[in-house]
Each structure stands twice: as structure tokens, then as C-alpha cells.
1. Residue under question is residue A:51, and the condition is that it be assigned to a helix (DSSP H, G or I), open to solvent by less than 20 Å² (accessible area, probe 1.4 Å) and farther than 20 Å from residue A:134 by Cβ; does it hold?
2. Before we move on, is residue A:264 part of a helix (DSSP H, G or I), aromatic (Phe, Trp, Tyr), under 18 Å from the mean Cα position of the chain (by Cα) and more than 10 Å from chain B (Cβ to nearest Cβ)?
3. Considering only the range B:124-154, state which residues are surrounded by 19 or more Cβ atoms within 10 Å (Cβ to Cβ) and within 14 Å of another protein chain (Cβ to nearest Cβ).
4. Give me the pairs: first residue in the range B:98-123 and more than 18 Å from residue B:263 (Cβ to Cβ) and more than 9 Å from every other protein chain (Cβ to nearest Cβ), second residue modelled with pLDDT of 90 or more and open to solvent by 10 Å² or more (accessible area, probe 1.4 Å), beta-carbon distance under 7 Å, and six or more apart or on different chains, which are they?
5. Looking at the range A:113-135, which of its residues are within 16 Å of residue B:114 (Cα to Cα), surrounded by fewer than 22 Cβ atoms within 10 Å (Cβ to Cβ) and among the hydrophobic types (A, V, I, L, M, F, W, C)?
6. What is the number of the single condition among (1) assigned by TED's automatic domain parsing to the domain that holds residue B:122; (2) open to solvent by 10 Å² or more (accessible area, probe 1.4 Å); (3) assigned to a helix (DSSP H, G or I) that residue B:83 does not meet?
7. Given the condition assigned by TED's automatic domain parsing to the domain that holds residue B:265, part of a helix (DSSP H, G or I) and in contact with a strand residue (DSSP E or B) (Cβ under 7 Å, 6 or more places away or on another chain), answer yes or no: does some residue in the range B:137-144 qualify?
Amino acid sequence: MDSILIQILNGLDKGAAYALIALGLTLVFGTLGIVNFAHGAIFMLGAFCAVTFRKLLTLSVKVKDESVTMFAAYKDEPYLKIWFGDTGEAIIDYAVPLSILIAIPFMVLVGYAMERGLIRHFYKRAHADQILVTFGLAIVVQELIKASFGANPIPQAAPDIVAGSANVGLWFGLGESLVYPWWRLIYLCFSGVMIFAVFSFLQFTTYGMVVRAGMRDRETVGLLGINIQRRFTIVFAIAAVVAGTAGVMYTPILPPDYHMGMDFLVLSFVVVVVGGMGSLGGAVTAGFLLGIVQSFASMNEVKSIIPGIDQIIIYLVAVVILLTLPRGLMGRAGVMDD
Amino acid sequence: MKQRFLNDTNLLLVFSAAILLMPIWLSPLGAAYPDLLQKFAIYGIFAIGFNILFGLTGYLSFGHAAFLGVGSYAAVWSFKLFTMNVVPAVFFGVIFAGLLAFLIGYISLRRSGIYFSILTLAFAQMSYNLAYSVLTPITNGETGLQLTINDPRWIDSMYITVEEGLPSTNLFGLKMSGYPGFYFCAILLIVCFFISLRIFRSPFGLMLRGIKSNQNRMNYTGLNTKPYMLSAFVISGMFAGLAGSLLAVTDPLAGAERMQWTASGEVVLMTILGGVGTLIGPMLGAGLIKYFENIFSSFNKNLLHEVFSFLPDGVEDVVVQVVSLFVGGGWHLTLGLLFMIVVIFLPGGIVEGFQKFGGVFGYGKNKNSDSSPQNQAAE
């Protein structure tokens, strides 16, 4: 029983990452009609925002430790600690959550620049061209990150206070054996909040309403005198923010390296297609669904029955869904129909 | 009308001459060593095969690496079990890749457009993941499949006395390394080019182009397009299998990373870079990418300092810093940039570039005018 619950949590966790990237992907596809293969790179850029922020915070100076007389007398002292004492140390401790603050403006900037600089010229081109050019962009971004941060994963610690595991079992009266890392729970809640925020933005604000109208019929909205292009650009920036902050929050779970974006992108693409191109709800549902399915398939009990199933289950599910449901789980009619 | 100089026969002759003389005319470019030449020929075959599917039908497969990998595995197993002769290895590579292509194609071709791409990607990733995990007895997992002294080699052991050490691949006694290996690949490449030429000019090829421009209309005329698509898919899978087995012929080991989706992406890059739907484009693209990969990645800082030594010291350091981003380990950056530039400014690839260039000087009509960028995808 416990192991099943753990697997569900694991699945939700993994699914949350897929869902957040897939949400951005399908948002961009629904509004601009662009198949963006560089979205994984945005996720990765977000993660490296956290890395950079921590590096900035821990800029150090060598300080002589008077109490030590032997070799290690010099040690690195971050400026922050020297200037602010304990407060400074606390800020460093909270580097990951705090880096969201710089990640958001940075991601808006990246999204805006990408849309205006490159994507804009590809609205009318074939999907194959869009895939290829964004794929090229993803390679470029990836290589730039590799050149400046190196090829190895850079581990990022979560704040100390949430470093351990939460006793999830006790909360629900299920016994003490059900424990789960705090940070993963926080990540899960964060994803929930992000998804909720995006949906309420689209559903409950006038701005979002116009965007939704534009997704349905861009021309008519344009004829009403609304600059729908501008709004779509902003939607692109929002998608970048969603992916970027997801990347920031994911760093304590998976140490970021330069190809993490690509690794997630392929799966997220499968998620988007399974959910139905252009359907936001579909992307989120499919993300969580595939995450849970994958974590169940990686249980030892399942693996002993069907060896290797954990490796292929996502693709297997995707194949079955694509062959039985032509538009994916929740695809709308008229979007990318064959 | 005046007969064009480059009719099909001449094109084939020029192509063959260019390929066979590569060791000569590539030596000023520093590319005339057998390893690289073999790669040119092998990836040329891969790209030409991919182009038969993508160029003619517009179906963008993201799973062709699976066939490359299966070709390699089949070839290495043929070396291990039967004989070090390359003919059976190539034969098995092509056959097994063809079978897998039939299987995957039969299912994937039920959909088109991006769904087809995702389906092929899914199958290729499944093969890759399985090769890494459960199929380890067949694929030897992460280590990769290699020859060992103790392999049975049933046919060889009947006729040939056992020598010391690992035997090398051969064509009836001719060792398949260095230049003989290159010429073996080159001749197969020319054969493949000829097949591709015949397909492009045949009614079958015309049918495939019809599917590309409007599949619905083809269906409305009462034609079942499925068998045509499937044959194109299988043919292109067999080309990939041939390329895979040749990789094993020139260097008898096979690893799962050949099946990863990045490898599929690479062949797409080659085809696009050269020119989709053109005869010669994929070969050009494959050659160019492999050339850059080998040449650029071999540059290092010392070499750069030599190259830029004519600059003043301060400037030199800066220039070397900047340039070193693009070469050596960072050559992928160059690849990505090159790729973006081609897609943005030259959607028809290098071949289109040549044609535009030729157009400036008033040379005739576009030869492959079907490579217009607008209708590349099958939607």
C-alpha cells in the first residue's frame, strides 16, 4: 500500500515537470501555431538561472582564519556573510527559491527576444521548418551553456529547513513508513500553483479571454481592432516563464546540466501530442498521467513480470493513444487534423 | 530544345567520378584520410535513403536511427556467428532493418504530419531504451557489441585456419579497413545513388510526390496510397540498415547510442542542409556535416594561436577565445548556427543556394524545382 502511494507521489512529481513544459509548448502551439523545439532549452536556462544566482551570492573572498595555525588557514568567505552575517548566510541557503525572482524577468526577456527575433519569421513556414530552426536554436543555447558552465551536472541544494523528508503517512494516518522528501512535495505544490495560475489567467481575466478568442479565430479578433500579435508574444513570454521557473525549482531534484532540456523536451513533446495538440487541459492531464504510469512501471513488482517495461512504457502509451484517439486525449477538432 | 549536359547518365557518371576520386580532390581540404572518407560514403547512403522518404513524400521520420542501429547489430552478429566476410553482414543488416522498418512503418503510417513524426520517434526511443536494458544479451548494453576471440564464426572455422588475435572484416580476403573499406562503401554509395535516381524518375517516385503534394486527392482518385508509402518507408529503412552495417564493416562494433534520437536528428540535419528532395543534396549535407565534425572538432587552442599569430598579442587572445567557442568540443555550436542559418535563409538547402548562385550568372532553369520550401510537411 505504502509503496503504491509513494509511486503515485513519484509519478505526480515527474508528471509535474512534464506538465509544466508541455503546458508551455501547447500554449505556444495554440496561440502562435509554432512547434517549438527550443522549449526544453528554456527549461534548462531556468535551471541555470538558479546556478548563476547561487554563484553570484557565494562570490567569496579568502579570509584568514586566526584560530587555525596549520595549512587550511585561508578559507572562502562569501561577501554576503561578511556584510550581513547570519542574514547573509540565510539568503545563500535560500538561493534556489530566491532565484525565481531573477528567473521571472530573465525568462520574460528571453521569451520576448526569442519570439520577436526568430519565431516571428516562422509563422507561415511549414511545421518541419519550425521544428528544424528551433532545434538548431536549442543546440546553440545548449552549447553556449556548456561552454560557460562546463559539461558536468552542478548540484544545487534545497534550503536546509526542507532538506529532509516529510512524514506524509502521519498526516493522513497511514503509519510512519510513508515518508517523502520535502522539496519534492514543495515542487509538486509549486507546479499546482503554476498550472492554476496559468489557467486562471486564461479563464478569468479579460486579457486571457482575448487570448483564448485569438486561439479560436485569430483573424476575427484582429478585425475587432485588437493587436492579437502582441498578446501572443506575451503568451510566449509567459510560456517561457512557466518552463523557466519549473527549471529553477527542479534543480535540487536533478542537478542541472546542459542537455537536461533536450531530455525533457522529447518526453514533453510526446506528452503534448498525447494530450492533444493545442489543448491545455490535455497537456496537463497527459503529463500527470504519463508520469504516474511511468513510475508504476518502474516498480520492481511490475518489472519482474514484464522486464524492461519501465523503459518503454511512456512511448508505448503514446503509440496506443495516438492510434486509437486520433486527436490525443483532449485535442480540439480542426487543430492539426490529418 | 538543347539537351542538358547533366542528364541522368552524365549525372551518375559525374557523381561516381567525384565519389571515387574523393581521396584525390579532398586532400587539399585535409579530409582525404580513409576513416573520414568512409564516413562520408556511409552517411551519404543514410541521408540518400532518408531523402527517399522525406524528400519525396514529405513524411518527416524522427526514428531512422533505429534502422541504423539494427543494421549495425545485425552485421556484428553476422561477424560473430558466421563469417568475417562482409557480404552476409551487409545482407543481414539490410534485411533486418527492412523488417523493422516494415513493422514500424505499418503502424506509424496510419497517421501523418507531426503524429507520424512522434510515432516514429516513440518507436526509435523504445528500441534505444530496450537495447540499453532488457535486450542486453543481444546488444551487450552500454558496453556495445564487440567481437571476441571466442566467437563461434561457424563458416570461417570450417574453411580458414584460425589466426592469432581478432580477425578483421574482409571481402573474400581483402581487408576492409583503410582505402579498400572506403571503396567498398563508395561503390555501394554509387549503387544507392543509382537506385535513388531511378526511384526519383520512376512512376513510383511520381506517385510519392503526388502523396506529398496532396494525399487526399490521391485517395479520392481511388488510389490506395498506403502500400506506396510503406514501400518508400521500407526502402529508406533498408538504406539506413545498409549504412548501419557498413559502419560495422569499417569498425566492427555496435552501440545503442547509434539508435538515439539525436542520431535521427543528425540525418534530418544532413538532408535539410543539403537540400530536401534533391538528388545530390543529402550527399552534400552528409559530407559537409561529417567534414565539419572531423575538422572543426580537431582544432584546439594551440592551433588557433598559430593561425591567428599575425594579430597583435592582445587582439589575438581575444580572437582565439571567441573562435575557440566554435571549434573543438564546441563544434556543435557551429553546427547549430549553420543549421539555423540554412533553415532561415536557404530553406532549400545548399542545392538551392547553388541554383540561386547559378541563376545570378544566367544559367538555365532550376533542375529540381520540386524542392520548394512551402510544401515540405505532409499535412
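The values are calculated or read from the model by the stated rules, or taken from the named source; none is laboratory data. Note that the coordinates shown come from a computational prediction; the quantities given were computed from them, not determined experimentally. Every residue, glycine as well, gets a Cβ built from its backbone with ideal geometry; the counts of neighbours run over all protein chains shown. All accessible areas refer to the heavy atoms of the entire protein, side chains included, with ligands and DNA or RNA removed. Shrake-Rupley method; radii C 1.70, N 1.55, O 1.52, S 1.80 Å.
1. Spelling it out, residue A:51 is indeed assigned to a helix (DSSP H, G or I), open to solvent by less than 20 Å² (accessible area, probe 1.4 Å) and farther than 20 Å from residue A:134 by Cβ.
2. Working: part of a helix (DSSP H, G or I): yes; aromatic (Phe, Trp, Tyr): yes; under 18 Å from the mean Cα position of the chain (by Cα): yes; more than 10 Å from chain B (Cβ to nearest Cβ): yes.
So residue A:264 passes the test.
3. If the condition is that a residue be surrounded by 19 or more Cβ atoms within 10 Å (Cβ to Cβ) and within 14 Å of another protein chain (Cβ to nearest Cβ), then B:124, B:125, B:126, B:127, B:128, B:129, B:130, B:131, B:132, B:133, B:134, B:139 are the ones that fit.
4. B:98/B:234; B:98/B:238; B:102/B:234; B:105/B:230; B:105/B:234; B:106/B:230; B:109/B:226; B:109/B:230
5. A:126
6. Only one criterion is unmet by residue B:83, namely (3).
7. Within the range B:137-144, one or more residues are assigned by TED's automatic domain parsing to the domain that holds residue B:265, part of a helix (DSSP H, G or I) and in contact with a strand residue (DSSP E or B) (Cβ under 7 Å, 6 or more places away or on another chain).
Here is a yes/no grid of residues against (1) in contact with a Lys or Arg (Cβ under 7 Å, 6 or more places away or on another chain); (2) within 14 Å of chain A (Cβ to nearest Cβ); (3) outside any helix (DSSP H, G or I):
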{"position": "B:157", "(1), (2), (3)": "no, no, no"}
{"position": "B:167", "(1), (2), (3)": "no, no, yes"}
{"position": "B:191", "(1), (2), (3)": "no, no, no"}
{"position": "B:197", "(1), (2), (3)": "no, no, no"}
{"position": "B:216", "(1), (2), (3)": "no, yes, no"}
